[in-house]
1. Calculate the FRET efficiency for residue 84 and residue 192 from the Cβ-Cβ distance with a Förster distance of 35 Å, rounded to the nearest 0.05.
2. Sorted from fewest to most neighbouring beta carbons within 10 Å, what does the list 124, 102 look like?
3. Give me 193, 198 ranked fewest to most by other Cβ atoms within 10 Å of their Cβ, as a rough exposure proxy.
4. How long, wide and thick is the range 89-226, going by the Cα atoms along their three principal axes, in whole angstroms, largest first?
5. Taking R0 as 30 Å, what FRET efficiency do you get between residue 139 and residue 205 from their Cβ-Cβ distance, rounded to the nearest 0.05?
6. Between residue 114 and residue 63, what is the spin-label point distance in nm, taking each point 7 Å from the Cα along the Cα→C-beta axis?
7. For residue 229 and residue 153, FRET efficiency with R0 = 22 Å and r from the beta-carbon atoms, rounded to 0.05?
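No value in this document is a laboratory result; all are computed from the given coordinates. Quick caveat, the model's predicted, so the values are computed rather than measured. Cβ placement follows ideal geometry from the backbone for every residue including glycine, while neighbour counts extend to all protein chains displayed.
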Amino acid sequence: MKSDAELVPTPGADAREAPIRLLVVQGEARPAVDVAEEPLVMTFPHLLIRELIALLAASLVLVALALCADAPLEEIANPLRTPNPAKAPWYFLGLQELLHYYPPVVSGVLLPGLVVVALAVIPYFRINLERSPLWLDRVWPKLGALWVVVTALTAVFALTGAHPVWPIIGPLWVVAITMTAGAFLPGEGSVSRWLRTRSVAFWIFFWFLLAAAVLTVVGVFFRGPGWSFTLPWRDGIFY
């Protein structure tokens, strides 16, 4: 093993016999993370006390509402008289509204099952991780694909049920028109910029949320005896 002094060529020595030293400088291998240490708090008592305060505040609001207005209760239940229409709780009225269009197996088992499966599977798709703006590039091919899908879904929901499923078709077209407007709105205003930067995952979830809300609202306020369509402000029917 030669020392550093022995590896340095002496003046006048043959260049062919001079040793060659290669020096490799390796940079810092650790990732540069410029994050300050976050403060840590214990779940008890910090979080639980805040949750307890929120629970008490919500309870006081409900008690105040109960003191100011009576609950819209009907007469005592009579097993010999079935109310018309017999409505489920409001959070199930979206499914009950679907019974007006599809058989019970489809509206009560198949469609809710597909929704649950989609909510469980969609987070594993890469589109949910990237969430890139829809109109960032290739606007015209995406517009063509959008309206092909909208037309196909409209045909499905218009022809497969006993009646056209307008509470689903209507929100579908509202979302599609809003998406198209985001591709063509000029300027750099807050609204146009917001519409252009939404991802596909956002629009799919927005359609699902809007359709569920419309189904629930129609079932609560716009269905009368025999599950026929009615106007509550005209017929005075609120169930």
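1. Approximately 0.10, to the nearest 0.05.
2. By the 10 Å Cβ count, ascending, the order reads 124, 102.
3. 193, 198
4. For the range 89-226, the Cα extents along the three principal axes come out at 50, 31, 27 Å.
5. So the FRET efficiency works out to roughly 0.85.
6. 4.8
7. 0.45
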